[in-house]
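The structure appears below as structure tokens.
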Amino acid sequence: MKRFVPIVLRLLLGIIFVATSGIGIFQLAPPPTDYPPEALAFADALARSGYFMVELMAIQLVAGVALLLNLWTPLFLVVLAPVTVNILLFHIFLTPRLLFTVAAPGIVVFALNVGLLWIYRAHYRGLLTRRARP
């Protein structure tokens, strides 16, 4: 049982990121309209930048596929960490009334990433060396 938990969590996180990036890349769903005006303005600004959403969807797609294939999992968990933190903070600060409804998937994604980072923590010991020498 214990050995299947990381596999299930990794596959779940990979599926979520592949699916959401596919939806974003191919615009299969309309942007949310029930967010507060500040949240919509922020999301609109990112979309109007011309590069950010493309970059974000590409990172999510590559990382999601890598997680599904179990390729460089510790690396891609670190790559996805800022994405999941930003998703969580977006909902905490810009959609607080929707935190446990619309924002629930973001909370789940953050929890999955943190849980997997903890499971793979032995792979980060070298990165967390306080005074590393070349």
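The values are calculated or read from the model by the stated rules, or taken from the named source; none is laboratory data. These numbers come from a predicted model, not from an experiment. Note that each Cβ is placed from the backbone with ideal geometry, even for glycine, and that neighbours are counted across all protein chains shown. Heavy atoms of the whole protein, side chains included, go into the accessibility calculation; ligands, DNA and RNA do not. Shrake-Rupley method; radii C 1.70, N 1.55, O 1.52, S 1.80 Å.
Looking at the range 60-88, I want the residues that are over 22 Å from Phe26 (Cβ atoms) and free of Cβ contacts under 8 Å to residues at least 60 places away in the same chain and have a partner that is of a type in the set (Ser, Thr, Tyr) and assigned to a helix (DSSP H, G or I) with Cβ atoms under 9 Å, at least 6 apart or on another chain. Which pairs are those?
Within 9 Å, the pairs are Pro74/Tyr124; Val78/Tyr124.
Hey, among the residues in the range 3-24 that are β-branched (Val, Ile, Thr) and open to solvent by less than 80 Å² (accessible area, probe 1.4 Å), which one's farthest from Ala122 (Cα to Cα)?
Of the range 3-24, the ones β-branched (Val, Ile, Thr) are 5, 7-8, 15-16, 18, 20, 23.
Now restrict to residues that are open to solvent by less than 80 Å² (accessible area, probe 1.4 Å): 5, 7, 16, 18, 20, 23.
Values: Val5: 16, Ile7: 16, Ile16: 25, Val18: 26, Thr20: 29, Ile23: 34 Å.
Selected residue: Ile23.
May I ask you to list the residues in the range 48-58 that are part of a helix (DSSP H, G or I) and open to solvent by 60 Å² or more (accessible area, probe 1.4 Å)? Step through it out loud before you land on a result.
Step one: filter the range 48-58 for residues part of a helix (DSSP H, G or I), giving 48, 52-58.
Arg48, Met53, Val54, Glu55, listed by residue number.
Among the residues of the range 87-117, how many are open to solvent by 40 Å² or more (accessible area, probe 1.4 Å) and at pLDDT 95 or above?
Looking only at that region, the number is 4.
For the range 59-76, name all the residues that are surrounded by fewer than 18 Cβ atoms within 10 Å (Cβ to Cβ), under 23 Å from Gly126 (Cβ atoms) and either hydrophobic (A, V, I, L, M, F, W, C) or under 10 Å from the mean Cα position of the chain (by Cα) (or both).
Once the filter is applied, which keeps residues that are surrounded by fewer than 18 Cβ atoms within 10 Å (Cβ to Cβ), under 23 Å from Gly126 (Cβ atoms) and either hydrophobic (A, V, I, L, M, F, W, C) or under 10 Å from the mean Cα position of the chain (by Cα) (or both), the range 59-76 yields Leu71, Trp72, Leu75.
Could you say whether any residue in the range 91-101 is in contact (Cβ under 8 Å) with a residue 40 or more places away in the chain, in contact with a Lys or Arg (Cβ under 8 Å, 6 or more places away or on another chain) and more than 12 Å from Phe17 (Cα to Cα)? Write out each step before concluding.
Filtering the range 91-101 for residues in contact (Cβ under 8 Å) with a residue 40 or more places away in the chain gives 94-95, 97-98.
Those left that are additionally in contact with a Lys or Arg (Cβ under 8 Å, 6 or more places away or on another chain): none.
No; the residues of the range 91-101 include none that is in contact (Cβ under 8 Å) with a residue 40 or more places away in the chain, in contact with a Lys or Arg (Cβ under 8 Å, 6 or more places away or on another chain) and more than 12 Å from Phe17 (Cα to Cα).
So is Val109 outside any helix (DSSP H, G or I) and either within 15 Å of the chain's Cα centre (by Cα) or under 23 Å from Leu46 (Cα atoms) (or both) or not? Give the steps one after another, and end with the answer.
Values: outside any helix (DSSP H, G or I): no; either within 15 Å of the chain's Cα centre (by Cα) or under 23 Å from Leu46 (Cα atoms) (or both): yes.
Here the answer is no, as Val109 does not meet what is asked.
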